[in-house]
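Encoded as structure tokens, the structure appears first; notes follow it.
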Amino acid sequence: MRTSAFCLLLAVATFPAFAQQELLKNTSFEEITDKGLPAGWSQYGGGVPESVLKVEATARTAKSAVHLTDTGPNERDNRYAIGVQQDVPVTPGRFYLASVWAKAIARNNDQAVVLQITFLGGAEARSVSNYIAPPIGGDWKRYSLGGVAPDDAKTARLYIYTMHFWTSDTLIDDASLKEAAATPSVATAIFQFGQEPLAGPRKLKLQTPLARGGEPAAIIACPSDPQWRQGAMDLQTAIQRKTGATLPIHLVSVTTGGGREAQDNRA
Ligand SMILES: [Ca+2]
């Protein structure tokens, strides 16, 4: 298990990217309705003064971003949650990647803001979710997750919302939902656990040069978690013995808590 995921990370670091089509409308929240809300999106939750959805000018790109404010009391009540949602048609068996950029003004818990895909149309809705928890007072940060559309799915509903009970004040911009042509295993390893804005899954190459003339021709991409490092060093040693080249080990940050199969977290 550890070796297979490790090899995926190693493999993808050397592959070229390909483009994917954006499925969402108004991804940068630049189109605004007469009511001052983002066009193409539906409001989730809200309706009380403590939960506010608005579009404002502190944006990551262009002129507008969504501002989600959730200041309700310490009780689990959907009225105090706030967010946006949008539906897109899906093809069963395909992999869907969602991502969004967020900037945190305030938050009292790292589970207070959620990115979620719920696959609808079958007998039972299926959801995957990830917490949106950029550094409070820090810069914009990208969050992503992905999931495979179940056999009976017709629609993916993307939610970006506050999970009430907690309070939060968050700016949201540049949402995305794309269909991936990769096998779920490759896409899952990269998109669910990676936080880097990769353009997409990459075409599998069965032969990858590791060394040329005794010099490194690749790097070993290793998760920064210590449990992975011995495997990376073993691989480095094995390649060194075979080729004479010592491949550099490049530590990459991965989030192991996000992008999992999840219960629907909405209140
Ligand atoms: Ca924008």
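The values are calculated or read from the model by the stated rules, or taken from the named source; none is laboratory data. What you see is a predicted model; the values in this text were computed from it and never measured. Heads up, the Cβs are rebuilt from the backbone with ideal geometry, glycines too, and the neighbour counts pull from every protein chain shown.
Numbers below:
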{"read-out": "Pick from the stretch 108-157, criterion surrounded by fewer than 21 Cβ atoms within 10 Å (Cβ to Cβ) and within 17 Å of Ala81 (Cβ to Cβ), ranking: modelled with the highest pLDDT", "value": "Arg157"}
{"read-out": "Every pair of residues 6+ apart whose Cβ atoms lie under 6 Å, when the first sits in the stretch 99-114 and is within 15 Å of Leu158 (Cα to Cα) while the second is at pLDDT 95 or above and surrounded by fewer than 21 Cβ atoms within 10 Å (Cβ to Cβ)", "value": "Trp101/Arg60; Trp101/Trp140; Trp101/Asp174"}
{"read-out": "Criterion (at negative phi, in contact with a strand residue (DSSP E or B) (Cβ under 9 Å, 6 or more places away or on another chain) and modelled with pLDDT of 95 or more) met by exactly one of Thr91, Thr69", "value": "Thr69"}
{"read-out": "Test for Lys154: is it among the charged types (D, E, K, R) and within 12 Å of the chain's Cα centre (by Cα)", "value": "no"}
{"read-out": "Selection count where residues are closer than 20 Å to Ala180 by Cα, outside any loop (DSSP other than H, G, I, E, B) and not β-branched (Val, Ile, Thr), scope the stretch 101-154", "value": "15"}
{"read-out": "The stretch 200-241: number of residues that are in a helix (DSSP H, G or I) and without any contact (Cβ under 8 Å) to a residue 24 or more places away in the chain", "value": "10"}
{"read-out": "Candidate set: the stretch 74-88, residues that are touching a strand residue (DSSP E or B) at 6+ places or on another chain (Cβ under 7 Å) and among the acidic types (Asp, Glu); chosen: the one modelled with the highest pLDDT", "value": "Asp87"}
{"read-out": "Selected residue (criterion: farthest from Asp77 (Cα to Cα)) from residues of the stretch 34-61 that are more than 16 Å from the ligand (Cβ to nearest atom) and touching a residue at least 60 places away in the same chain (Cβ under 8 Å)", "value": "Tyr44"}
{"read-out": "Residue in the stretch 63-75 that is surrounded by fewer than 17 Cβ atoms within 10 Å (Cβ to Cβ), more than 18 Å from the chain's Cα centre (by Cα) and within 16 Å of the ligand (Cβ to nearest atom) present", "value": "yes"}
